[in-house]
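Worksheet: one structure, shown below.
The values are calculated or read from the model by the stated rules, or taken from the named source; none is laboratory data. Values in this document were obtained by computation on a predicted structure and should not be read as measured data. Cβ coordinates were reconstructed from backbone atoms using ideal geometry, including for glycine residues, and neighbour counts include every protein chain displayed. Heavy atoms of the whole protein, side chains included, go into the accessibility calculation; ligands, DNA and RNA do not. Shrake-Rupley method; radii C 1.70, N 1.55, O 1.52, S 1.80 Å.
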Amino acid sequence: MDTYTVITDGVIDDIIAMWLLYKLAPNAEVTVISSFGNIPEDKAFKNSQEFISFIANSWKLGHGASLPMSGKFEHTWLHHFNGPDGLWGVHPSSVKNPDAIKKLAHTQHIISLASLTETYKLAKTFGNTLKRTTIMGGVFREKGNYTADAECNIAYDPQAAHDFFSEQHISEICVIPLDVTREVYWTEEMIDAITENNGTNKWVKMMLNKWYEKYGRNNKRVFKLHDPLAMYLTFFPNEAIWEERGIEVILEGKQRGKTSFTPVSPYCHVAMGLKDAQKISRHIASLLFDESDHA
């Protein structure tokens, strides 16, 4: 049986990414580790707890990093995008406590959807047994989404990201940066078309509608599937165009958190293109919404 560890900050696209994992690997052993990122760790834990209780009852849950490696935050919470709680206040009505862990015993696959603080720690611990580590983070050919140079998941803890990419890891490392995640999205019309034939569809559709109401519509945005694309490419890697590159993270000055390519660091597989971004957007929607479940 495959074992996955998902590191998440528990906001809307993380919930969708975890649901996609549940759909694609229903029999896998999965542990979710909550981490600070777009929201504080305690709120990420609560949202992950709700997801597991509502959808993935067999999954386990544990607390992860609540602070960067430096011990202090370098950023402010991005409440304008996901709301103060990360889900714009859209929560299931009842929640049961999932199986909790104090320490992760083993894992084959790490899927990192938040800051790299916890990812770095786990890679150090399980380096000899990991098969793959998948990172949603970084940006190489475009502007960042936290600063002009930096993507959020790297900017939240540049030191952890720098150390992760510069040190040798045994497992295959796959990086899905903003350069490609920005190409995969759902429009408001696509979300309106979601059939509310089960509880999970209703919950996710409510979150997405609330996101459009509070943020997307006023800012003329589409809902970009950053974390869901990282999860999707874990199972459908042939849908991306990959380059083998070393990654460097700048730690000093105004460009702190910027990712760039370097021949010095160990090589990663970096997704730098998609064969058909809109096909992927539709495929993710069909995988999630077209099948009946009974939550």
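Probing with 1.4 Å while keeping every protein chain in the model, the per residue accessible area of the chain equals 43 Å².
Spin-label model, S58 to T3: label points 7 Å out along the Cα-to-beta-carbon direction sit 1.5 nm apart. Of the residues H106, H63, the one with the largest accessible area comes first in the ranking H63, H106, computed with a 1.4 Å probe on protein heavy atoms. Backbone phi angles across the range 179-189, fed through the Karplus curve with coefficients 6.51, -1.76 and 1.60 (θ = phi - 60°), yield HN-Hα couplings of 3, 9, 5, 5, 7, 10, 7, 10, 7, 4, 5 Hz in residue order; Gly and Pro are listed as x.
Residues whose amide H comes within less than 5 Å of that of I173, counting only those at least five positions distant or on another chain, are T133, H269 (H built at 1.01 Å from N in the peptide plane). Apply the a/c threshold of 1.5 to the C-alpha gyration tensor of the range 10-136 and tell me whether it is rounded, prolate or oblate. Note, shape of the range 10-136 comes out oblate. Could you give each residue of the range 207-220 its phi-based ³J(HN,Hα) in whole Hz, using Karplus coefficients 6.51, -1.76, 1.60 with θ = phi - 60°, and x for Gly or Pro? Calculated HN-Hα couplings, in order: 4, 5, 5, 5, 4, 5, 5, 8, 9, x, 5, 5, 9, 6 Hz. For helix 226-235, report the angle its Cα long axis makes with the longest principal axis of the Cα atoms of the chain; keep it between 0 and 90° and round to the nearest 10°. So the helix axis and the longest Cα principal axis differ by about 80 degrees. Taking only protein heavy atoms and a 1.4 Å probe, the accessible area of the chain is 48% carbon and sulfur.
Of the GluC sites (Glu not before Pro) found in the range 158-258, those in coil by DSSP whose Cβ has at most 13 other Cβ atoms within 10 Å are E167, E196, E252.
Mean sequence separation of contacting Cα pairs (under 8 Å, at least six apart), scaled by the length of the chain, corresponds to a relative contact order of 20 percent.
Answer rounded, prolate or oblate for the range 137-234, using the Cα gyration tensor with square roots of eigenvalues a ≥ b ≥ c: rounded when a/c is under 1.5, else prolate when a/b is larger than b/c, else oblate. The shape class here is prolate. Scattering from the range 64-181 was approximated by placing one identical point on each alpha carbon and applying the Debye formula without solvent; log10 I(q)/I(0) at 0.16 1/Å stands at -0.90. Taken over the alpha carbons of the range 120-163 as equal point scatterers, the Debye sum produces base-10 log I(q)/I(0) values at 0.18, 0.21, 0.34 Å⁻¹ of -0.60, -0.73, -1.20. Starting from the Cα gyration tensor of the range 184-233, take the square roots of the eigenvalues, sort them a ≥ b ≥ c, and report rounded, prolate or oblate (rounded when a/c is under 1.5, otherwise prolate if a/b is larger than b/c, else oblate). Since a/c reaches 1.5 but b/c is at least a/b, the shape of the range 184-233 is classed as oblate.
In this Cβ point-charge picture (+1 for Lys and Arg, -1 for Asp and Glu), the chain has a dipole of about 320 debye about its Cα centre. Reported value for the range 34-73: 56 Å³ per residue, from the convex hull of its C-alpha atoms.
Springs between alpha-carbon pairs under 10 angstrom, Gaussian network model over the chain: which of A114, A44, A148 fluctuates most? Between A114, A44, A148, it is A148 that shows the largest mean-square fluctuation. Under a Gaussian network description of the chain, with springs only between Cα atoms under 10 Å, the residue in T200, T119, T181 that fluctuates furthest is T200. Backbone amide hydrogens, once placed in the peptide plane, bring I7 within less than 5 Å of I33, I111, S112, L113, excluding anything fewer than 5 places away on its chain.
Here is how the number arises for the chain: DSSP H runs of 4 or more residues each give -39500 (n - 2.57), the sum is divided by the residue count, and the result at 222 nm is -9500 deg cm²/dmol. Working note: Karplus 6.51/-1.76/1.60 with θ = phi - 60° gives the range 273-280 the couplings x, 10, 5, 7, 4, 5, 4, 5 Hz, where Gly and Pro are set to x.
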